[in-house]
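The values are calculated or read from the model by the stated rules, or taken from the named source; none is laboratory data. In this text, all values refer to a predicted model and were calculated from it rather than measured experimentally. Please note: Cβ atoms are built from the backbone with ideal geometry, for glycine as well, and neighbour counts cover all protein chains shown.
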């Protein structure tokens, strides 16, 4: 929960997930513009389209990355450079702490293997698909949330007791 995160943890999260991709892209842009088929791939998250309880700062960083990708794509539209945004759902990596693992397990959330996400990225690039949301039902929820956010609010609010309980259980 946001109140349990330190200011430095939030700043670091924003720096890693949003500021760093922006600065790296800015730095590499002159090189990319000298290639015939250059491109940028930003790996976001389904949480870049769905605000999820217990992940507000993370969601903010991924919403920002999605917005940056969209704006950069439009900014570079006359350059021939492509900007791709990949939004996987939860992925089974060492980055996930016990809180995330327990939450996904208890709520029955699907968790993809990294190889599946990598295959989705390759397919996205082959099809020249600028935005790719991976996984079900998050893929559906991401689109649905854009149309009817109050219905998604109601659905996700049912998970709040479990999320709150796990957050309190795992306080450091």
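Listed values, structure above:
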quantity	calculated
Test: residue in region 33-44 that is crowded, with 19+ Cβ neighbours inside 10 Å, assigned to a loop (DSSP other than H, G, I, E, B), within 11 Å of the chain's Cα centre (by Cα) and touching a residue at least 12 places away in the same chain (Cβ under 8 Å)	yes
Failed criterion for residue 24 (all others in (1) under 20 Å from the mean Cα position of the chain (by Cα); (2) touching a residue at least 24 places away in the same chain (Cβ under 8 Å); (3) within 22 Å of residue 122 (Cα to Cα) hold)	(2)
Residue within region 3-17 that is surrounded by 14 or more Cβ atoms within 10 Å (Cβ to Cβ) and in contact with a strand residue (DSSP E or B) (Cβ under 6 Å, 6 or more places away or on another chain) present	no
Failed condition for residue 127, given (1) surrounded by 11 or more Cβ atoms within 10 Å (Cβ to Cβ); (2) at pLDDT 85 or above	(1)
Test for residue 64: is it modelled with pLDDT of 95 or more, out of contact with any strand residue (DSSP E or B) (no Cβ under 9 Å at 6 or more places or on another chain) and surrounded by 12 or more Cβ atoms within 10 Å (Cβ to Cβ)	yes
Qualifying residues in region 1-21 (those that are in a loop (DSSP other than H, G, I, E, B) and under 20 Å from the mean Cα position of the chain (by Cα)) - the one nearest to residue 131 (Cα to Cα)	1
Qualifying residue in region 141-163 (condition: under 14 Å from the mean Cα position of the chain (by Cα) and buried (at least 18 other Cβ atoms within 10 Å of the Cβ))	yes
